[in-house]
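Visitor: Would you mind keeping the following structure in view while I ask a few things?
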Amino acid sequence: MPLLVDGRRVRLPQSAGDLVRAHPLLEERARLLRGQSVQQVGPQGLLYVQQRELAVTSPKDGSISILGSDDATTCHIVVLRHTGNGATCLTHCDGSDTKAEVPLIMNAIKSFSDHTRCGRLEAHLVGGFNDDRQLSQKLTHQLLSEFDRQEDDIHLVTLCVTELNDREENESHFPVIYGIAVNVKTAEIYRASFQDRGPEEELRAARALTGGPMISIYDAKTEQLRIGPYSWTPFPHVDFWLQQEDKQILENLSTSPLAEPPHFVEHIRSTLMFLKKHPSPANTLFPGNKALLYKKNEDGLWEKISSPRS
């Protein structure tokens, strides 16, 4: 079944700009989202989603009330929600395998068994800008096309991507919105940034940097965040990269060097250091090949519940 806007079938392929011009409500929603001030989201009740991760839960969740992600430049953050049972999935897509990722998002929502009740599937796409390599445009097109290929009707409610999320300064282009959060209880989506990107921020970033595929990180039934066990091949030339100046790291390890947030290089350096320290994670990070499990404590913060590292 098709991708729908305001109950009407979307005609693809269209650019994001053409699509919103054909549907004024979409244009208005994008304008309102861009116009919001950025909210700093604290760690209580938050499940932070990194690149190539997805998380899904529902309003019944006693631990998680907010799903969020940021640091998206050419990447897109996708929220898919079922209005009947409130099941909500948030993911951070980078275009590595959109064809495989959209069905994962769909199945994550469908894993909530009462998805067939009244209600509909609503999609929100945010991120990207007019980057030189047109990676954002490519990802926008991939996501819209893949959602259009799914069996279920999907109602596109928010489209604030690529040229709709672009601002120009000194002849350079930047995203307007780098991050969003969704309140699982109220369905509100808003501009957001996050100080706490854990738990195990470096470990999760290392998995993405070494080419790991999109994975689901949260079990809403047990209300546990599950990390690993992961394996990766040693990052090529890690010592070489660690010796490079910030400018070299930015220009070679970013899809959009001019538009990255200020902490990008520091984040890449710490991830590379982590990869150097743990070239074979199965041995050092996941003793007994067991996942690391986290659960929210009474203060709404993540607490490790699996066996400690050896």
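The values are calculated or read from the model by the stated rules, or taken from the named source; none is laboratory data. Here the structure is a predicted model, which means the values were calculated and not measured. Please note: Cβ atoms are built from the backbone with ideal geometry, for glycine as well, and neighbour counts cover all protein chains shown. Quick note on the areas: whole protein, heavy atoms, side chains included, nothing else; ligands and nucleic acids left out. Shrake-Rupley method; radii C 1.70, N 1.55, O 1.52, S 1.80 Å.
Visitor: Taking the alpha carbon gyration tensor of region 3-304, what are the square roots of 5 times its eigenvalues, largest first, to the nearest whole Å?
Guide: Listed largest to smallest, the semi-axes of region 3-304 are 29, 25, 17 Å.
Visitor: For the chain, with all protein chains present and a 1.4 Å probe, just round the carbon and sulfur fraction of the accessible area to a whole percent.
Guide: Ligands and nucleic acids excluded, carbon and sulfur reach 49 percent.
Visitor: Mind grabbing the accessible area of Lys185 for me, 1.4 Å probe, Å², rounded to tens?
Guide: 90 Å²
Visitor: Right, here's the next one. Under a Cβ-Cβ cut-off of 10 Å, what is the net charge of the residues other than Ala187 that fall near it, where Lys and Arg count +1 and Asp and Glu count -1?
Guide: 0
Visitor: A further question follows. Output wanted: per-residue J couplings in Hz (rounded whole) for region 58-69, from phi through Karplus 6.51 cos²θ - 1.76 cosθ + 1.60, θ = phi - 60°, x for Gly and Pro.
Guide: For region 58-69, the Karplus-derived couplings read 9, x, 6, 4, x, 10, 10, 10, 9, 10, x, 7 Hz, x marking Gly and Pro.
Visitor: Return one whole number: the accessible area per residue of the chain in Å², for a 1.4 Å probe.
Guide: 47 Å²
Visitor: Next up: Based on the mean of other beta carbon atoms within 10 Å per residue, what is the order of 124-132, 27-35, 140-148, most packed first?
Guide: 124-132, 140-148, 27-35
Visitor: Could you check the spin-label model distance between Leu12 and Asp219? Points 7 Å from the Cα along Cα→Cβ, value in nm.
Guide: Once both label points are built, they end up 3.3 nm from each other.
Visitor: Moving on. For Val176, what accessible area in Å² do you get when you roll a 1.4 Å probe over the heavy atoms of the protein chains, rounding to the nearest 10?
Guide: My reading of the accessible area for Val176 is about 30 Å².
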